[in-house]
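Input: a single structure, listed below in structure tokens.
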Ligand SMILES: Cc1cc2nc3c(=O)[nH]c(=O)nc-3n(C[C@H](O)[C@H](O)[C@H](O)COP(=O)(O)O)c2cc1C
């Protein structure tokens, strides 16, 4: 018999319930149809767009490209925000969220914008290899890629992106304190600059990530599907790998 305290922990605070012996983790419940009071039961995964058996390597790359194009234009797209990981000079890995700004399926490039003063750029100067990662819990799809990152600062690419950016986005680059600076209080929101105010441009950087391989994992109740999609040598191929 469980004590009332144990039961209140299990049902009231499901995040802690897994520390209880013989209590199933809520995430596992979705696979087995076991119910949990605070987590919605989801039926067997019907993730037909990401049923990789429908595709060959080329058609799957076309599909992924379409997703990335849509992720650039729509903030509602599940892949609009990527997690980018870099390696600091002391060897520590660091991850953070960034907004996708540009995708080119021909050159295999994906880009985000950042501040030249940010620690992530120091990391990329130390090691230009970055890892980009997405997971959509609704689709149950994970994408991971390793990229070689190039920072564009005050060149034609940065200039073009700056002119295409919104003043609300430009506001972040005009702040006097570099990202990561210790402060005595939370700063007020930066003032939105006028369209002809380019003072933030000095800090604005486009980070272009060139990749040649995508690791895609689609979770399905009927069997997970994982592929390594290779874009090397201008030829699209894939290998099915164990999930
Ligand atoms: C949803 C979201 C989107 C973000 N997008 C960006 C972005 O596009 N560029 C950026 O430099 N930081 C972005 N940030 C902030 C970074 O995640 C990070 O906190 C900041 O850039 C400092 O990173 P660093 O110290 O690793 O350089 C975003 C944060 C969130 C939560």
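We did not get these values from a lab; they are worked out from the coordinates using the rules stated. What you are looking at is a predicted structure, and each value in this text was computed from that prediction instead of being measured. A quick note on method: Cβ atoms are made from the backbone with ideal geometry, for glycine too, and the neighbour counts reach across all protein chains shown.
Figures for the structure shown
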| read-out | value |
| --- | --- |
| Debye equation applied to the C-alpha atoms of the stretch 164-243, log10 I(q)/I(0) at 0.11, 0.20, 0.21, 0.27 Å⁻¹ | -0.62, -0.87, -0.93, -1.31 |
| Rh (Kirkwood; distinct C-alpha pairs) - the stretch 126-188, Å | 15.6 Å |
| Extension gain, residue 63 back to residue 192 (0.36 nm per residue minus Cα-Cα distance, nm) | 42.8 nm |
| Residue list for the stretch 116-132, given a label point 7 angstrom along the Cα-to-Cβ vector of residue 181 and an amide N cut-off under 15 Å | 116-119 |
| Residue list for the stretch 59-100, given a label point 7 angstrom along the Cα-to-Cβ vector of residue 148 and an amide N cut-off under 13 Å | none |
| Residues of the stretch 71-85 with amide N under 12 Å of a point placed 7 Å along Cα→Cβ from residue 133 | 83-85 |
| Computed Rg/Rh of the stretch 66-138, alpha carbon atoms with Kirkwood Rh | 0.99 |
| Mean Cα-pair separation over length for the stretch 65-118, i.e. relative contact order, pairs under 8 Å, 6 or more apart, % | 26 percent |
| Sorted by Cβ density within 10 Å, fewest first, the residues 144, 166, 94 | 166, 94, 144 |
